[in-house]
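Structure in structure tokens, see below.
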Amino acid sequence: MDFSKFDLNLFKVFIKVMETGSYVQASEALDVSPPAISLAMSRLQKALQQELFTRSNGKIQPTSAALALYENVRSELLTFEAVLSSFD
């Protein structure tokens, strides 16, 4: 994977999906359409070559890969947010 071409915004979407447990709720929180969330998650899964969510009874369930990614990416994203907030 070429990191210079990787869209880091996909992690922001991923974190919101993990926290809300729903593409629809993530879309509302991020003020984008549900199809945009679905597309972002498809792009992330393709880039990582990992399935991140499965559907069960109309709900999404994170895979073990998603849980591991969340644990690693969430803290890094919070660090980025803190750095950016320090410029306010």
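The values are calculated or read from the model by the stated rules, or taken from the named source; none is laboratory data. Every value quoted in this text rests on a predicted model; they were computed, and no experiment measured them. The accessibility values were calculated without ligands, DNA or RNA, using every heavy atom of the protein model including side chains. Shrake-Rupley method; radii C 1.70, N 1.55, O 1.52, S 1.80 Å.
Tell me the mean residue ellipticity at 222 nm calculated for the chain from its helices only (DSSP H runs of n ≥ 4, each -39500 (n - 2.57), averaged over every residue, nearest 500). Before the final figure, lay out the partial values.
Numbers: 4 runs with 57 residues, N = 88.
So the helix-based figure for the chain works out to -21000 deg cm²/dmol.
Considering only protein heavy atoms and a probe of 1.4 Å, how much of the accessible area of the chain is carbon and sulfur, as a whole percent?
Ligands and nucleic acids excluded, carbon and sulfur reach 53 percent.
I'd like the accessible area for GLU19, computed on protein heavy atoms only with a 1.4 Å probe and all protein chains in place. Round to 10 Å², please.
90 Å²
Looking at the chain, do any whole DSSP H helices span at least 27 angstrom along their long axis by alpha carbon and average -0.5 or above on Kyte-Doolittle, and which? Display every interim value, and only then the final one.
Values: long enough: 64-85 (32 Å, 0.66).
Qualifying helices: 64-85.
Another question, if that's okay. Pull up the cross-link candidates among the lysines for LYS5, meaning alpha carbon to alpha carbon under 21 Å and not fewer than 8 places away within one chain.
Output for LYS5: LYS46.
So if I average 1/r over every pair of distinct C-alpha atoms in the chain and take the inverse, what Kirkwood radius in Å does that give? Working shown, then result.
On the way: mean 1/r = 0.0734 Å⁻¹.
For the chain, the Kirkwood estimate is 13.6 Å.
Let me ask you something else. Under a cut-off of 12 Å between alpha-carbon atoms, report the aspartates and glutamates in cross-link reach of LYS16, not counting same-chain residues fewer than 8 places apart.
Candidates past the 8-residue exclusion: GLU28, ASP31.
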